[in-house]
Amino acid sequence: MLSIPKGKLIKRVKKMVLEANFSLDKSVINFLKSGLGKETSALAINVLENILHNADVAQKEDIPLCQDTGVAVFFWRLEMNCVLTILLKTP
């Protein structure tokens, strides 16, 4: 049976949350840049430029990509032979 130590779980979850908030996947960045090269509308070009700038600043300064998108929700699946032996909140 697999037992996951509290410290390891907290460290990995923290890393995933930070990555989800501070960086876009390279494929998304490439897609946005591709769209920027094809777009003809001045307004759309401005929006794409702002999104790319926001992504760049967020990555460099470790700040969230966007501050008005709500709360992140995460799901994880535990294998049948895995046990979490921690309290996430002290009673």
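Kindly indicate whether L48 is in contact with an Asp or Glu (Cβ under 9 Å, 6 or more places away or on another chain), more than 28 Å from V83 (Cβ to Cβ) and part of a helix (DSSP H, G or I).
yes
If we scan the stretch 35-45, do we find a residue that is under 21 Å from the mean Cα position of the chain (by Cα), more than 18 Å from P64 (Cα to Cα) and not aromatic (F, W, Y)?
Among the residues of the stretch 35-45, not one is under 21 Å from the mean Cα position of the chain (by Cα), more than 18 Å from P64 (Cα to Cα) and not aromatic (F, W, Y), which makes the answer no.
Within the stretch 17-24, does at least one residue satisfy the condition of being hydroxyl-bearing (S, T, Y) and surrounded by 11 or more Cβ atoms within 10 Å (Cβ to Cβ)?
Yes; the residues of the stretch 17-24 include at least one that is hydroxyl-bearing (S, T, Y) and surrounded by 11 or more Cβ atoms within 10 Å (Cβ to Cβ).
Can you tell me which residue in the stretch 29-49 is surrounded by the most Cβ atoms within 10 Å (Cβ to Cβ), limited to those that are aliphatic (A, V, I, L, M) and in contact (Cβ under 8 Å) with a residue 12 or more places away in the chain?
The extreme case among them is L48.
Coordinate-derived values only; no laboratory data. Note that the structure is a prediction, hence the values are computed from the model and not measured. Glycine gets a Cβ as well: all are built from the backbone with ideal geometry, and neighbour counts include every protein chain shown.
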